[in-house]
Amino acid sequence: MRNILWEIVLIFFLCTCTEEKPRPVNITGLTFDTISVDTTSVLIPDDSISPKCSLSISLQIARGKDAKKINQAILSADILMPGYVDTDTKHLSPQQYVDSFVCHYINDYMRDYAPLYLDDKENATSYDDVYNVSTTTQSTHEGFICYIANITHYGGGTHETQQTLVRNISIRTGKVLTLDSVFNHGYEQKLHAELTKALCKKFKVSNIAQLAEENILVDGKIYAPDNFILFKHKIQFIYNPDEIAPHDIGEIKIDVSRKALKGLIQNNI
C-alpha cells in the first residue's frame, strides 16, 4: 500500500515539476530544446529535520530532421546516472526517459535512505541527496555534435562529486564516438606519449616522474580518457576530479594538436 501511495505522489510531482523550456539552440541544421526538472522531496514527511532529495536536471534534446537518431544516442550514452531507467530507451521519448529516471531515483532514495536515517537521526544532513545535471550542445567540428554534461552529486561523505561527461555524436550516423572509432589501430603508445608531454607542460615539469613527485599524478600512470572534444585543429582531453590526480587539483584539461597526432586519426574524423 505504501508503494502505491508513493507512486501516486510521484506521478503528481512529475506532472507539476517536469517541463520543456523553449530555449532552442541551433547547431548544424538541428534545433535543441531543454527538458527541465527542478524538485525536492522530503524523506520523512512531518519530520522537521528530515533529509531531502533534490534533483535539478537540464537535458538538451534535438528537434527536427535527424532528431530521432541524435536523441537515441543521447539517451543511450549514460548522461543521467545509469540504472534508474529499466526500460529499453528505444521505446521511450526523451520526456518519458527523464520522467522515468526521476521517478526511479526518488523511489530508490526513499526506500534505501529512510531506514538508515531513522536509525541515525543525529546525523540527519548526511542523508541528504543532491543530484544536478546541466547539459550544453556545441558544434566544435564539422559533422559532429559535442554534447557536454556537467554533473554534481552529493549523497553523503566529505564532499560532493563533480563530473564532466562528453559525448561526440556523428550527425550522419547518430553514433557516439569512442577512442577506437577516432584513432587508427595501434594508436595507444603514441597518444599516451603526447598526453604525457602535454600534461608535463601544463604543470611545468620535465617528465612523468616529476608529476608523481609533486603529487600531481596518482599511481604514476597516464591514459587516454573517454572524455574528449573534437576540434578542427586539436583534440581536448578531460580528466575528472580524482581520476588521475588528487581531489584538490580538480578537473584537468589538456590539448593535443592534430598535427602532433598525424597518422593516428581516422580520415573521416
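Laid out as a table, the results:
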read-out: Single unsatisfied condition, Ile229 versus (1) part of a strand (DSSP E or B); (2) within 18 Å of Ala193 (Cβ to Cβ); (3) of a type in the set (A, V, I, L, M); value: (2)
read-out: The one condition in (1) over 21 Å from Pro51 (Cβ atoms); (2) in a loop (DSSP other than H, G, I, E, B); (3) not aliphatic (A, V, I, L, M) that Thr136 fails to fulfil; value: (2)
read-out: Close pairs (7 angstrom Cβ cut-off, 6 or more residues apart or separate chains): over 18 Å from Ile79 (Cα atoms) and touching a residue at least 40 places away in the same chain (Cβ under 8 Å) in the stretch 130-145, small (Gly, Ala, Ser) and surrounded by 15 or more Cβ atoms within 10 Å (Cβ to Cβ) anywhere; value: Gly143/Ser170
read-out: All positions within the stretch 138-162 that are farther than 20 Å from Asp242 by Cβ and either of a type in the set (Asp, Glu) or touching a helix residue (DSSP H, G or I) at 6+ places or on another chain (Cβ under 9 Å) (or both); value: Glu142, Ile145, Tyr147
read-out: Selected residue (only one of Tyr147, Tyr187, Tyr131 is touching a Lys or Arg at 6+ places or on another chain (Cβ under 8 Å), of a type in the set (Phe, Trp, Tyr) and buried (at least 16 other Cβ atoms within 10 Å of the Cβ)); value: Tyr147
read-out: Conditions (1) among the β-branched types (Val, Ile, Thr); (2) outside any helix (DSSP H, G or I); (3) over 22 Å from the mean Cα position of the chain (by Cα); number of the one not met by Thr173; value: (3)
read-out: Where Asp99 falls short, out of the listed (1) closer than 19 Å to Lys175 by Cβ; (2) in a helix (DSSP H, G or I); (3) open to solvent by 30 Å² or more (accessible area, probe 1.4 Å); value: (1)
read-out: Thr125 vs. criteria out of contact with any Lys or Arg (no Cβ under 7 Å at 6 or more places or on another chain), open to solvent by 40 Å² or more (accessible area, probe 1.4 Å), among the hydroxyl-bearing types (Ser, Thr, Tyr) and assigned to a helix (DSSP H, G or I); value: yes
read-out: Sole exception among (1) under 21 Å from Leu55 (Cβ atoms); (2) open to solvent by less than 70 Å² (accessible area, probe 1.4 Å); (3) assigned to a strand (DSSP E or B) for Gln163, by number; value: (2)
read-out: Some residue of the stretch 43-57 being in contact with an Asp or Glu (Cβ under 7 Å, 6 or more places away or on another chain), closer than 30 Å to Ser126 by Cβ and modelled with pLDDT under 80; value: no
read-out: Candidate set from the stretch 53-85 (those that are small (Gly, Ala, Ser) and in a helix (DSSP H, G or I)); member that is surrounded by the most Cβ atoms within 10 Å (Cβ to Cβ); value: Ala73
read-out: Residue in the stretch 233-269 that is least open to solvent (accessible area, probe 1.4 Å), counting only those that are in a loop (DSSP other than H, G, I, E, B), in contact (Cβ under 8 Å) with a residue 60 or more places away in the chain and of a type in the set (A, V, I, L, M); value: Leu261
read-out: The stretch 198-227: number of residues that are open to solvent by less than 70 Å² (accessible area, probe 1.4 Å) and in contact with a helix residue (DSSP H, G or I) (Cβ under 7 Å, 6 or more places away or on another chain); value: 13
read-out: The stretch 168-178, residues that are open to solvent by 20 Å² or more (accessible area, probe 1.4 Å) and in contact with an Asp or Glu (Cβ under 9 Å, 6 or more places away or on another chain); value: Ile171, Arg172, Thr178
read-out: Residue within the stretch 205-215 that is closer than 30 Å to Ala73 by Cα and either part of a strand (DSSP E or B) or hydroxyl-bearing (Ser, Thr, Tyr) (or both) present; value: no
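The values are calculated or read from the model by the stated rules, or taken from the named source; none is laboratory data. These numbers were taken from a predicted model, which means no experiment stands behind them. Every residue, glycine as well, gets a Cβ built from its backbone with ideal geometry; the counts of neighbours run over all protein chains shown. Note: accessible area is taken over every heavy atom of the protein model, side chains too, but ligands, DNA and RNA are not part of it. Shrake-Rupley method; radii C 1.70, N 1.55, O 1.52, S 1.80 Å.
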